[in-house]
Amino acid sequence: MSKSVFRFLSRQPETPELLGENHLLRLPRYGDYKQWQRLRSESRNFLQPWEPIWRSDELTESAFRARVVRSGQEYSSGLAVPLLVFRREDEILVGGLTIGYIRRGAAQSCMIGYWMGERYAGQGHMLAALQVAIPYIYTGLQLHRIEAACIPENWKSIRLLEKAGFEREGLLRKYLKINGEWRDHVMFSRLSEDGDPRKLQKP
């Protein structure tokens, strides 16, 4: 796999653009609404078991515009880097990956979360996205520890994290309210000294 890179767009000086061999990760823009709405809408039944209950206005354009504004604010304040994942060849949206809960000081850590459109699931897109995002987290954001939590029954997500070099740490009891219920989550972590994710197995 060719080396992934990250850079900053000249027209948006402080906005990250993460480039992999076949994928582009960047903050959402207003122009992404139609793609985002279509993909999330058609994937609703696929995604809902693993996400908080969607609001009644979840897929509206006004809610998406607020999301774009909030994403920019979170990035500018150093709290999170909410990214959309696109195929590079045609800039088709396939999913999203958020680098959130960024903690500085003694912790130097973050929590990642992700989602994939149903039609693109199981094709290696999210593993490739992680292999682009992880070096950025270590080098660009200069963090030491990446955390991820998933429901124990979500074996696909667990397998993804294992492929990306994460290690299981333990069980978080009733950690997040998912699909209307407080659910246990398995905690995984990855440290900066755990090796280059691009050298791990391909999807």
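The values are calculated or read from the model by the stated rules, or taken from the named source; none is laboratory data. Since this is a predicted model, take the numbers as computed values, not measurements. Quick reminder, even Gly has a Cβ in these numbers, built from the backbone with ideal geometry, and neighbours come from all protein chains shown.
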**OP:** Restrict the check to region 97-108 and report whether at least one residue is of a type outside the set (D, E, K, R) and farther than 22 Å from S192 by Cβ.
**Re:** no
Original post:
How many residues does region 20-42 contain that are of a type in the set (K, R), out of contact with any strand residue (DSSP E or B) (no Cβ under 6 Å at 6 or more places or on another chain) and touching a residue at least 12 places away in the same chain (Cβ under 8 Å)?
Top reply: 2
Subject >> Filter pass, L191 being touching a residue at least 12 places away in the same chain (Cβ under 8 Å), surrounded by 12 or more Cβ atoms within 10 Å (Cβ to Cβ), touching a helix residue (DSSP H, G or I) at 6+ places or on another chain (Cβ under 6 Å) and among the aliphatic types (A, V, I, L, M) >> reply: no
Original post:
Among R173, R183, which is surrounded by 15 or more Cβ atoms within 10 Å (Cβ to Cβ), charged (D, E, K, R) and modelled with pLDDT of 95 or more?
Top reply: R183
Original post:
Does R44 satisfy the criteria of being of a type outside the set (A, V, I, L, M) and in contact with a helix residue (DSSP H, G or I) (Cβ under 7 Å, 6 or more places away or on another chain)?
Top reply: no
**OP:** Go through (1) surrounded by 23 or more Cβ atoms within 10 Å (Cβ to Cβ); (2) more than 17 Å from L191 (Cβ to Cβ) one by one and return the number of the condition A133 breaks.
**Re:** (2)
Original post:
From the list L127, L143, which residue is in a loop (DSSP other than H, G, I, E, B), of a type outside the set (S, T, N, Q) and touching a helix residue (DSSP H, G or I) at 6+ places or on another chain (Cβ under 7 Å)?
Top reply: L143
**OP:** For residues that are more than 10 Å from C150 (Cβ to Cβ) and touching a Gly at 6+ places or on another chain (Cβ under 7 Å), tally how many sit in region 173-193.
**Re:** 1
Original post:
Out of all the residues in region 151-186, which are in contact (Cβ under 8 Å) with a residue 12 or more places away in the chain, under 18 Å from F46 (Cβ atoms) and charged (D, E, K, R)?
Top reply: K156, R183
Original post:
List pairs: first in region 51-69 and under 20 Å from E118 (Cα atoms), second surrounded by 13 or more Cβ atoms within 10 Å (Cβ to Cβ) and β-branched (V, I, T), Cβ under 8 Å, 6+ apart or cross-chain?
Top reply: E51/I178; P52/I178
